[in-house]
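Take a look at the structure set out below.
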Protein chains: 2
Amino acid sequence: MGRKRLQEPADGRPTVHTVAARAGVSIASASRVLNGVGGSPETIRKVREAAAEVGYVPNAIARSLQSQRTGLVALAVEDIGNPVYVEMMRAIEAVVASSGRQLLVHATGGRIDNETALLRRLANRYVDGMIVSPIRVTDDHLTALTDSPVPVVVVGQLGADAPIDNVRTDSRHGVALAVDHLVATGRRRIGFVNGPLDTVPGAARDAGFRAALDRHGIPLDDELIEVGDFQYAAGRAATERLLARADPDALVCANDLIAVGALHALLVAGRRVPQDVALVGMDDTELARMMFPQLSSVSLGSAERGRRAAELLLQRIADAALPPRREQVPPNLVVRASSAATLPTPRPAAGSAGPPTTHPSSEGVTA
Amino acid sequence: MGRKRLQEPADGRPTVHTVAARAGVSIASASRVLNGVGGSPETIRKVREAAAEVGYVPNAIARSLQSQRTGLVALAVEDIGNPVYVEMMRAIEAVVASSGRQLLVHATGGRIDNETALLRRLANRYVDGMIVSPIRVTDDHLTALTDSPVPVVVVGQLGADAPIDNVRTDSRHGVALAVDHLVATGRRRIGFVNGPLDTVPGAARDAGFRAALDRHGIPLDDELIEVGDFQYAAGRAATERLLARADPDALVCANDLIAVGALHALLVAGRRVPQDVALVGMDDTELARMMFPQLSSVSLGSAERGRRAAELLLQRIADAALPPRREQVPPNLVVRASSAATLPTPRPAAGSAGPPTTHPSSEGVTA
DNA sequence: AGACTCCCCGGAAACGTTTACAGCTATCGG
DNA sequence: CCGATAGCTGTAAACGTTTCCGGGGAGTCT
């Protein structure tokens, strides 16, 4: 039994060679049995036995090299602490795990160079595919996306013509839902706390807010608009600035973190929510339900978008020849205590673009 | 120039063979140049040029197979939505990234089988090391940990004798800090909302609470103790149950999510915080600062523990022969508005185990 | 009984990289 | 002028797996 090459690595971990030698079969047979394809009952027994005895576990890297797939899928988001991404991640992880793959998470911090570097690194094939949710999109991004050698799915807006799988929502319309609701419940001095205007969601929400006010014939008051970034602290600070110069009776916030900051600022300033100021957040994360009062929020279907993105990605991994697809998840206003209709003269909604679907709030305000 | 094997893969992506052929050198020379080791000026030029022309990117998997390291580090935690793990993850990611590696995140959902499966899967070497923060520890765990073929660092308590790198805190003492503080500010009917007692942190915190009351000579009232799991909803429900049968003047919660749930329940029940009930959470996550009033919380140094764990792991990856180490991060009470001393007869702390270090709260209660 | 089919098995190639080894050239010192 | 040395280069092995292919044995059908 002359063996051609060293079969036992110095670190003593068993390989398929070890198992084969011990079972007295060829590595080909061993491999076949271990993969459950073929093998006579006798060899199956011998190989299984030998594998169990030496505690054989196949090496994932060697397998990947051979099969040209790693079983890994990456997700790149700006901020892993933002609950909206947590929800998205959970949904993605569920789909990815059910396909027997694992999820690799990158936090980009929203830095462009970081993101493109990540995309370019895809070329080394450490991962089978990637889901990315950029908040800023540059040309550099687009080229990196289009000539990525592994499948990429984008969550969020993208240039209309880019031939890249893409699942988006309509946050313009989302803001409109919020404004419609506030107007319908009698609010008129509606403020807006947004994220940076040079981000895709920031710009879309700004446009949505202006359009919605316009549609209701409410003149735009720049004093009622503030901008920070998409974080709690910025939301709170922005709201403090806004309150220092204006007196809103309602506030729309570009995401839930900002809304939580705004709530804090409002309460510190002695405003009652919703009696003095109604508050509507965006993303409808679990954070909205944790607050007191619970926050109304426009769901942008983050979990659903995540789920769809993961499915698109898996399909594309399975078949690279698929045409690029684009899916859209509609926004959906969830009304809770923070914008309950407590103004003296609430009027029924009129002329709003489609009746907002509302989930019943689990609780009202306890006065 | 007869070539021995097919050099151009069907998918047309360049390999080191492509580059070598194009540059007119051997693959060994090409590899050497691309790795920046050796090569004459002339070959360096030719190879660099050829690589640039074909857009060569080395294949990470093949490299891993050869070098026996993947450049990946895994983190397994129960719930990726819990802000305490987000903070820990951020710290770990920072360390890991600065070593040129990437972080792979697993959510175990606290299910034992899930966790041990993950540990056993390590045997296939898809990752260079792993940080795991189990909330339950079984014998199965321990054996899986000890005979893991790749380095593992545990964040959290572990059997005293287990020869595994381990960074822990003293949450018993953490609870004591909270109780001391509440007693010192005049509270006597101190309730406790804990997580499951069959988890390591749950058991430790329970023991800490009982010991602290005992130390202060306060009789234990089982009516004032409730148990849920470590989530917001459970904390809220548990607090509702507690309030239905008892009348605490303070509440210690086993983590911040529970504390947020408790705050919600208290406010819904019409109790003022901190005037009627003082509230102290645990973990000191950003959530504590987001609430109104801001929550006092016992920091267990999650970021610090994460950072240390990552460093231990990297060191062990570099040198497997290191003796097992154990590090400890002390808890630290941060007092904020939710437990401000507003009772009529606050007395100074006496006999408490070491003066609690307190960060000044960024704001008081606005009455 | 012979031919054909089916299945099982082992050798060897392949995935794409790094690297030990040996051969070669050129330079330098004696 | 010759031997040693240093530096570069190419061949080939190695990492651990899967899979193609050809050979052989057993079973079946004609």
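The values are calculated or read from the model by the stated rules, or taken from the named source; none is laboratory data. The structure displayed is predicted, hence computed values, not measured ones. Ideal geometry is used to build each Cβ from the backbone, glycine not excepted, and the neighbour counts take in all protein chains shown. For accessibility, only protein heavy atoms count, side chains too; no ligands or nucleic acids. Shrake-Rupley method; radii C 1.70, N 1.55, O 1.52, S 1.80 Å.
For peptide B:100-106, the mean count of partner chain Cβ atoms within 10 Å of a residue's Cβ comes to 5. The amide H of A:VAL153, built 1.01 Å from its N in the peptide plane, has A:MET130, A:ILE131, A:VAL132 as neighbours under 5 Å, considering only residues 5 or more places off or on other chains. Using Cβ point charges alone (K and R +1, D and E -1), the dipole size of chain B about the Cα centre works out to roughly 1380 debye. Counted by Cβ distance under 12 Å from B:GLY110, the other residues give a net charge of -4, where Lys and Arg count +1 and Asp and Glu count -1. Restricting to DSSP loop positions (anything but H, G, I, E, B) with no more than 12 other Cβ atoms inside 10 Å of their own Cβ, which trypsin sites (Lys or Arg not before Pro) remain in segment B:58-115? Passing sites in segment B:58-115 are B:ARG111. With Cβ to Cβ distances under 13 Å as the rule, what net charge do the other residues near B:GLU53 carry (K, R +1; D, E -1)? Summing Lys/Arg as +1 and Asp/Glu as -1 gives +3. Computed with the Debye formula from one identical point scatterer per Cα of segment B:105-186, without solvent, the log10 of I(q)/I(0) at q = 0.12, 0.13, 0.26, 0.27 Å⁻¹ comes to -0.43, -0.48, -1.33, -1.41. In this assembly of identical copies, the label point of A:ALA341 (Cα plus 7 Å along Cα-to-Cβ) is separated from its counterparts by 5.0 nm, sorted shortest first. Every Cα-Cα pair in segment B:12-135 was counted, and those over 25 Å apart are 46% of them. All C-alpha to C-alpha distances of segment B:219-351, sorted into 5 Å bins beginning at zero, yield P(r) values of 2, 10, 17, 18, 16, 11, 8, 6, 5, 4, 2, 1 percent in whole numbers. Please report, as a whole percent, how much of the solvent-accessible surface of chain A comes from carbon and sulfur atoms (probe radius 1.4 Å). Answer for chain A is 54 percent, counting heavy atoms of protein chains only.
As a ratio to 2.2 N^0.38 Å, the alpha-carbon radius of gyration computed for segment A:243-293 takes the value 1.05. Dividing the summed helix terms, -39500 (n - 2.57) for each DSSP H run of n ≥ 4, by the number of residues in chain A produces a 222 nm estimate of -12500 deg cm²/dmol to the nearest 500. Sorted from nearest, the other copies put their A:ASP319 label points 5.5 nm away, the label point being 7 Å from Cα in the direction of Cβ.
Based on protein heavy atoms only, the protein assembly as shown ends up with 41 Å² per residue of surface accessible to a 1.4 Å probe. How charged is the neighbourhood of A:ARG215? Take every other residue with its Cβ under 12 Å from the Cβ of A:ARG215, and add Lys/Arg as +1 and Asp/Glu as -1. Here the charged neighbours net out to 0. Take B:MET89: with every protein chain present and a 1.4 Å probe, its accessible area is about 10 Å².
The convex hull around the C-alpha trace of segment A:16-58, projected and averaged over every direction, spans 2.4 square nanometres.
Placing +1 on each Lys and Arg Cβ and -1 on each Asp and Glu Cβ, with no other charges, gives the protein assembly as shown a dipole about its Cα centre of roughly 2140 debye. For B:ALA162, inter-copy separations between label points set 7 Å beyond Cα along the Cβ vector come to 4.5 nm, shortest first. If a spin label sat at a point 7 angstrom from the Cα of A:LEU142 along the line to its beta carbon, the backbone N atoms of segment A:156-176 nearer than 12 Å would be those of A:158-164.
A quarter of the convex hull surface defined by the alpha-carbon atoms of chain A gives 24.2 nm² as the mean projection. Dipole check for segment A:182-338: with +1 at the C-beta of Lys and Arg, -1 at the C-beta of Asp and Glu, and the Cα centre as origin, the magnitude is about 300 Debye.
Tell me, Kirkwood radius of the protein assembly as shown from alpha-carbon pair distances, in Å? It is 28.5 Å. Here, P(r) means the percent of Cα pairs in each 5 Å bin from 0 to the largest distance; for segment A:200-282 it is 3, 16, 27, 27, 19, 8, 1.
Structural descriptor for chain B: relative contact order 16 percent, calculated from alpha carbon pairs under 8 angstrom and at least 6 residues apart.
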